[in-house]
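Worksheet: one structure, shown below.
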Amino acid sequence: MAKKEEKVRMEGVIVKALPGTQFLVELENGHEILAYLAGKMRKYYIRVLLGDRVTVEMSTYDLTRGRIVYRHKKGQPRPPSADTEKTE
């Protein structure tokens, strides 16, 4: 069986809402991508509004498109990134 491809996860802010549950998301690094809602978010009617902080999952093949997999709650502290390792 083929190995499942790795996904790139980044955080960003919703800049613009487009038709068909698509959104323009500005990532932490300043890039803007087109993202759509993941299936579980549609299923459970998770609402995403302008200004919401979200986690976007992107394929390594096309970094201009992605899917929104998580909406962060207001006032919730930023989770530690899985990429950064503690060196003590």
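Rule-based calculations on the coordinates, nothing more; no lab input. Quantities reported herein were computed from a predicted structural model and do not represent experimental measurements. Glycine gets a Cβ as well: all are built from the backbone with ideal geometry, and neighbour counts include every protein chain shown.
Local charge for Met58 was computed over the other residues whose Cβ lies under 9 Å away, with Lys and Arg +1 and Asp and Glu -1, and equals +2. Electrostatic tally near Val69: other residues with Cβ closer than 10 Å to its Cβ, Lys and Arg +1, Asp and Glu -1, net +4. Filter Lys7/Lys74; Lys40/Lys73; Lys43/Lys73; Lys7/Lys40 down to the pairs with a C-alpha to C-alpha distance above 21 Å, please. Exceeds cut-off: Lys7/Lys74. Each principal axis of the Cα atoms in segment 1-56 has its own extent, and those three values, largest first, are 40, 30, 17 angstrom. Note on segment 19-43 and segment 49-70: Cα centroid distance 5 Å, given to the nearest whole angstrom.
Note on Tyr44 and Glu5: the extension gain reaches 11.4 nm, defined as 0.36 nm multiplied by sequence separation minus the Cα-Cα distance.
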